[in-house]
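The values are calculated or read from the model by the stated rules, or taken from the named source; none is laboratory data. Just so it is clear, the model here is predicted, and its values are computed rather than measured. Cβ sites come from the backbone with ideal geometry, for glycine too, and all protein chains shown count toward neighbours. SASA here: full protein model, heavy atoms, side chains in, ligands and nucleic acids out. Shrake-Rupley method; radii C 1.70, N 1.55, O 1.52, S 1.80 Å.
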Amino acid sequence: MTVSSTTNRMDYTGNGVASTFAFTFRIFAETDLRVTMLHVATGVETTLAWPADFTVTGVNDPAGGSITLVDGALGANYKLTVRFDADPLQDTDVRNQGKFYPEIHEDVFDFLTLLIQSARDDIRRSLRLSETSEVDGQLPAPEAGKVIGWNSGGTGLDNFDPASLAVVTAYGDWIEDEF
């Protein structure tokens, strides 16, 4: 088979009725999935565990499969993410001058492609500098009570004492006196 899609995750919004959710990418084992449930009102994410929290169909099916929540329907105040998240291990042992089984090689290439897609999704969801940025975006070592900000030259990030900041603006429920 080939991997002809970059889809490696499916996102769903609960409706209080559905408990089965499809995924359209190949997995090699039930444990190749990370299923995360978000309670929208509180922002609390919970990573579900197989087989305690969900069951899986479609292992080794190039078209994908589905997960079914053990506790039943996903509530309307929840979101669910199903994504490929396998351990990056290479278990295939190809011997010199052994029999050549193309399907074994194809499976290894497919698995590596899916791992790369998963890493790419992680990178795209992280904080990144713009493509043309020439500054150092490395975070400074954590310091208690400090905030992170751009240095005076705009060339990197530093820790700052909030009391030393010239202007503090209150947003949302924050109160200026807290700074």
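Just order 45-57, 97-109 by mean Cβ neighbour count inside 10 Å, highest at the front, would you? Provide the component values of the computation, followed by the final result.
Details: 45-57: 14.2, 97-109: 10.1.
Sorting 45-57, 97-109 by mean packing, highest first, produces 45-57, 97-109.
Taking the mean number of other Cβ atoms within 10 Å as a proxy for protection, how do you rank 146-152, 36-42, 64-70 from highest to lowest?
Values: 146-152: 12.1, 36-42: 14.0, 64-70: 17.7.
Going from most to least packed, we get 64-70, 36-42, 146-152.
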Give, as a single signed number, the net charge of other residues whose beta carbon lies under 13 Å from the beta carbon of ASP110, with Lys and Arg counted +1 and Asp and Glu -1.
-4
Measure nothing but the geometry: give the 0 to 90° angle between the long axis through the Cα atoms of 102-124 and the longest principal axis through the Cα atoms of the chain, rounded to 10°.
20
Size of the dipole of the chain about the Cα centre, Lys and Arg at +1 and Asp and Glu at -1 on the beta carbon, nothing else charged, in debye to 20?
540
Given a 10 angstrom Cα cut-off, can you work out which residue in THR92, THR20, THR155 is the most mobile in a GNM of the chain?
THR155
Rank ARG83, ARG95 by accessible area, highest first, at a 1.4 Å probe radius?
ARG95, ARG83
With the contact rule set at Cα under 8 Å and sequence spacing of 6 or more, what percent relative contact order holds for the chain?
21
Full-extension gain in nm, ASP158 to ASP61, via 0.36 nm per residue minus C-alpha separation:
30.1 nm
The list (i) 11.2; (ii) 13.0; (iii) 16.3 gives values of mean projected area of the Cα convex hull in nm², and only one came from this structure; which label was calculated from it?
(iii)
Phi to ³J(HN,Hα) by Karplus 6.51 cos²θ - 1.76 cosθ + 1.60 over the stretch 69-79, Hz, x for Gly, Pro
6, 5, 7, x, 4, 7, x, 5, 9, 10, 10
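In square angstrom, what is the accessible area per residue of the stretch 71-123 with a 1.4 angstrom probe?
On the way: 3690 Å² over 53 residues.
Result: 70 Å² of accessible area for each residue.
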Cα atoms only: what Rg and Dmax, in Å, come out for the stretch 9-56?
11.6, 34
